[in-house]
Amino acid sequence: MKRTALFLLVATLHTWTYAHQPASVLWYNQPAADWNEALPVGNGRLGAMVFGGYANETIQLNEESLWAGCKTDANADAAAHLPKIQQLLLSGDIGQALELSEKHLKSHPMRIRSYQSFGELKIDFFDEGVQGPTTYRRELNLETGVASVAYEWYDTRYTRELFVSAPDNVVVLRMAASGPDKLTFRLSYVREQDATAFPASESELEIKGQIVDLPMYESSEGGLHMKFAGRIRGLNKGGRLTTVNNAFFVENADEALFFFTAATDYNPEKLDFDRSIDPAATCKNILAKLDGRDYADIKDRHVREHSELMNRVSFALGTDDLSNVPTNERLKRLQDGATDLPLVALYFQYGRYLLVNSSRAPGALPANLQGIWCKDMQAPWSSDFHTNINIQMNYWPAEVCHLPETVLPFSHLIERLRTPGRITAKKTYNSRGWAMNHLTDPFGRTAICDGVGWGTFPMASSWLVLHQWEHYLFTGDEGYLRSEAYPCMKEAAEFILGFLVKDKNGYLVTAPSNSPENPYLLNGQQLHFTYAATIDVQIITELLHACIRAGKILKQDNAFRKQLESALKQLPPVRISKRYNTIQEWIEDYEEVEPGHRHMSHLFGLHPGTTITPATPILFEGAKRTLARRLSSGGAHTGWSRAWVINFYARLLDGENAGEHVQALLAKSTLNNLFDTHPPFQIDGNFGGAAGIAEMLLQSHSGEIHLLPALPSGWHTGKITGLCARGGWIVDMQWENGALTSAHIFSKKGGKCKIRYKEQTKTLSIKPGEKYAIVDLK
């Protein structure tokens, strides 16, 4: 006889206690061979990559706002020409539309400049000689945010600890040895260009620099641009410490301690550098606040703040304990076909860790294509904020993985982009509201970039503001909705209403449009340009529905809501391709150039959107076929694309395929330090992978809290605590032999929620602070 779940109130709670993590340590028995093996630490503003060398050490540094380039209005003055371009697109004369667009839509300059490394700390001890260390361990503790190195060399044990404190806004390095007088070394600051270091005192180095942008084809103007500064304070116990040239020289010390901070003259409110800001004075003031404080106090303050964030979610998977095996060896075993479920849990927590350390106060900017960690002067894709999937994927895990504050730098940038975005909307697209295209930078780039066919993506603003709506859905923060989210959402919707035009069938469509980065074939020609690509219709549907709901919650804009409701009725439907029997990617059933393309934009409605669900069976089945076709043609070959596939299969309630792609993401697209690789390193795959794992275990996008919706049979035993669901709920779950054995639902805000496990559902009414236990779920 079928047994029914029992829903029991077990306690009333007013605080939520966090569990300590299962083994959440990456560790290695040798130093990093290159940057892709170094270990990342950060505080949202400052970042460091720790190599862990013993004869020579490298610590590569970043400051979030250190970018080449400058603010410029690159928008094409195309408004007067747009109606003709639209007419040509709607009549099917794509070639002529593109020719006209190359004349009038093309912005100047076409490209942005790059995020840059702040430089490196180099530590030189002495020649290695014939004997290497007799023992060695390099590790990163995700719970504490401390990277450490320990080794024995010539009968002395050496230890180093490095962390980046958010409360104190500094990088902290402690070096010690097991015996007296054992530390003799030089610690120097170097940067490839545009900076110098010099003694500020016997115990402090000062760093000063300014970006010198040389002329570059199709890039922003050259010149003397962003100013930056850094400061390093050194302390020693025993022996002697002094500054010389660009370095500290430490001789015969027992222990040494260094504090580093950095700053630029970037002003996020202005989206520009600001010559009234003195970055050198900023650094000096930060270090002055450390006066009189000892290492133990600074570390304790850091660990308490960092571990509170990390310990909100605890995750154990499987019963094996491979924590005594180095992380790179575990990854190699998995690449060779072995199963390592605890490594999956570690990878999930690593995604959360990277978000914590690249997107929060004291930082003011969101995570970019490399989070906050970048070794280059000219990074791949400029390490920019790519807005046609990548920055969005960065924030997929934020809400469900109990890190809502990490969204705020992203949300604040969105809010600031409205100002340049209004110029783009009016000047380029002849519309009101605000718009942007497929990438941006700290200087507020909203104009078309990198080429007309490739870069014309005016839906980016509408997609970005959906993250603000999601932040409200998870937190229930009506003040945030009223003051920040809804104004951005409303202006994005105003752009849509002004941009849409009627096609020959009477539908309201976007023109111009493209399906991000993916060309189609027409009359033997590969083209990106079109009108009403499917992703546009899906994004607009999500946005207009969200604005309608938000307006009702805030009790405002009745007339505007009616306009949105009218527009929704006139959008073209999402179609099934007669050519492939899949979700149709473009308004016409074009032939695909690359059936295995990395972007799968026409599945936006499945994820991260909410319009393709089991409640829309024709599209739901079409999405399955679409995904199968993409993958059979070689899709998901980049790390972030594979991560998106995990989320797709989770939404399709297909745990087996989702689990296979988690395995594939680790086996094919993960570096030894667990960074995702595109290739090269690109952090969105880490975030998308973590989000996909969470989506396999908990979903709440369809008006119910669905427990273990896509659990692979191989994930037979596990426990996760602290995941979040829309509506302000926190969920704990445990399962054995693939079946849920217990679950708890904690209410932050109170209210009604519908719980689903397999085919069983129950609606609960819970008061704020109450916690329900769900038992007997066999």
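The values are calculated or read from the model by the stated rules, or taken from the named source; none is laboratory data. Quick caveat, the model's predicted, so the values are computed rather than measured. Cβ: placed from backbone, ideal geometry, glycine included. Neighbour counts: every protein chain shown. What goes into the accessible areas is simple: the full protein's heavy atoms, side chains included, and nothing from ligands, DNA or RNA. Shrake-Rupley method; radii C 1.70, N 1.55, O 1.52, S 1.80 Å.
Quick rundown of the values:
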{"item": "Entirely in segment 435-550, the helices (runs of 4 or more DSSP H) that have 3 or more residues that are open to solvent by 10 Å² or more (accessible area, probe 1.4 Å)", "result": "460-475, 486-499"}
{"item": "Some residue of segment 365-378 being in contact with a strand residue (DSSP E or B) (Cβ under 9 Å, 6 or more places away or on another chain), at positive phi, in contact (Cβ under 8 Å) with a residue 24 or more places away in the chain and not β-branched (Val, Ile, Thr)", "result": "yes"}
{"item": "Breaking point among (1) hydroxyl-bearing (Ser, Thr, Tyr); (2) at pLDDT 95 or above; (3) open to solvent by 10 Å² or more (accessible area, probe 1.4 Å), for Thr4", "result": "(2)"}
{"item": "Residues that are free of Cβ contacts under 8 Å to residues at least 40 places away in the same chain, open to solvent by 10 Å² or more (accessible area, probe 1.4 Å) and within 13 Å of Asn647 (Cα to Cα), drawn from segment 599-630", "result": "Lys624"}
{"item": "Test result for Leu666, open to solvent by less than 10 Å² (accessible area, probe 1.4 Å), in contact with a helix residue (DSSP H, G or I) (Cβ under 9 Å, 6 or more places away or on another chain) and touching a residue at least 24 places away in the same chain (Cβ under 8 Å)", "result": "yes"}
{"item": "Residues of segment 67-81 that turn out to be more than 14 Å from Ile448 (Cα to Cα) and crowded, with 22+ Cβ neighbours inside 10 Å, as a count", "result": "3"}
{"item": "Selection count where residues are open to solvent by 10 Å² or more (accessible area, probe 1.4 Å) and out of contact with any Asp or Glu (no Cβ under 8 Å at 6 or more places or on another chain), scope segment 415-430", "result": "3"}
{"item": "Segment 60-86: number of residues that are more than 20 Å from Lys427 (Cβ to Cβ) and not small (Gly, Ala, Ser)", "result": "7"}
{"item": "Given (1) surrounded by 19 or more Cβ atoms within 10 Å (Cβ to Cβ); (2) without any contact (Cβ under 8 Å) to a residue 40 or more places away in the chain, number of the condition Glu592 does not satisfy", "result": "(2)"}
{"item": "Only one of Val146, Val190 that is open to solvent by 30 Å² or more (accessible area, probe 1.4 Å), closer than 30 Å to Gly363 by Cβ and β-branched (Val, Ile, Thr)", "result": "Val190"}
{"item": "From the options Thr406, Thr440, residue that is under 22 Å from Gly688 (Cβ atoms), among the polar types (S, T, N, Q) and in contact with a strand residue (DSSP E or B) (Cβ under 6 Å, 6 or more places away or on another chain)", "result": "Thr440"}
{"item": "Of the criteria (1) at pLDDT below 95; (2) within 24 Å of the chain's Cα centre (by Cα); (3) not charged (D, E, K, R), which one Gly42 fails", "result": "(1)"}
{"item": "Lone qualifier among Pro180, Pro199, Pro167 - being open to solvent by 20 Å² or more (accessible area, probe 1.4 Å), modelled with pLDDT under 95 and not charged (D, E, K, R)", "result": "Pro180"}
{"item": "Residue match in segment 690-701 (condition: in contact (Cβ under 8 Å) with a residue 12 or more places away in the chain, surrounded by fewer than 24 Cβ atoms within 10 Å (Cβ to Cβ) and either in contact with a Gly (Cβ under 6 Å, 6 or more places away or on another chain) or acidic (Asp, Glu) (or both))", "result": "no"}
{"item": "Helices (runs of 4 or more DSSP H) enclosed by segment 639-707 - at least 3 residues per element that are within 16 Å of the chain's Cα centre (by Cα)", "result": "639-651, 684-697"}
{"item": "Number of the exception - Leu322 against (1) at pLDDT below 95; (2) farther than 25 Å from Leu354 by Cα", "result": "(2)"}
{"item": "Qualifying residue in segment 227-235 (condition: touching a Gly at 6+ places or on another chain (Cβ under 9 Å), open to solvent by less than 30 Å² (accessible area, probe 1.4 Å) and closer than 30 Å to Ala74 by Cβ)", "result": "yes"}
{"item": "Pick from segment 106-127, criterion in a loop (DSSP other than H, G, I, E, B) and of a type in the set (D, E, K, R), ranking: modelled with the lowest pLDDT", "result": "Asp127"}
{"item": "Per-region count, segment 513-566, residues closer than 23 Å to Ser91 by Cβ and in contact with a helix residue (DSSP H, G or I) (Cβ under 6 Å, 6 or more places away or on another chain)", "result": "9"}
{"item": "Residues that are assigned to a helix (DSSP H, G or I), under 19 Å from Thr610 (Cα atoms) and open to solvent by less than 20 Å² (accessible area, probe 1.4 Å), drawn from segment 551-576", "result": "Leu564, Ala567"}
{"item": "Test for Ser220: is it touching a Cys at 6+ places or on another chain (Cβ under 9 Å) and not charged (D, E, K, R)", "result": "yes"}
{"item": "Residue count for segment 644-654, restricted to those that are of a type outside the set (Asp, Glu) and over 18 Å from Tyr347 (Cα atoms)", "result": "5"}
{"item": "Tally, over segment 228-246, of residues that are over 23 Å from Pro180 (Cα atoms) and touching a Leu at 6+ places or on another chain (Cβ under 9 Å)", "result": "5"}
{"item": "Residue match in segment 403-421 (condition: assigned to a loop (DSSP other than H, G, I, E, B) and at pLDDT below 95)", "result": "no"}
{"item": "Entirely in segment 739-778, the strands (runs of 3 or more DSSP E) that have 2 or more residues that are acidic (Asp, Glu) and in contact with a Pro (Cβ under 6 Å, 6 or more places away or on another chain)", "result": "none"}
{"item": "Given (1) more than 22 Å from Leu317 (Cα to Cα); (2) in contact (Cβ under 8 Å) with a residue 60 or more places away in the chain; (3) open to solvent by 10 Å² or more (accessible area, probe 1.4 Å), number of the condition Thr721 does not satisfy", "result": "(1)"}
{"item": "Segment 380-405 residues that are farther than 17 Å from Leu309 by Cβ, paired with ones that are among the acidic types (Asp, Glu) (beta carbon under 6 Å, 6 or more apart)", "result": "Asp384/Asp441; Asn390/Asp684; Met393/Asp684"}
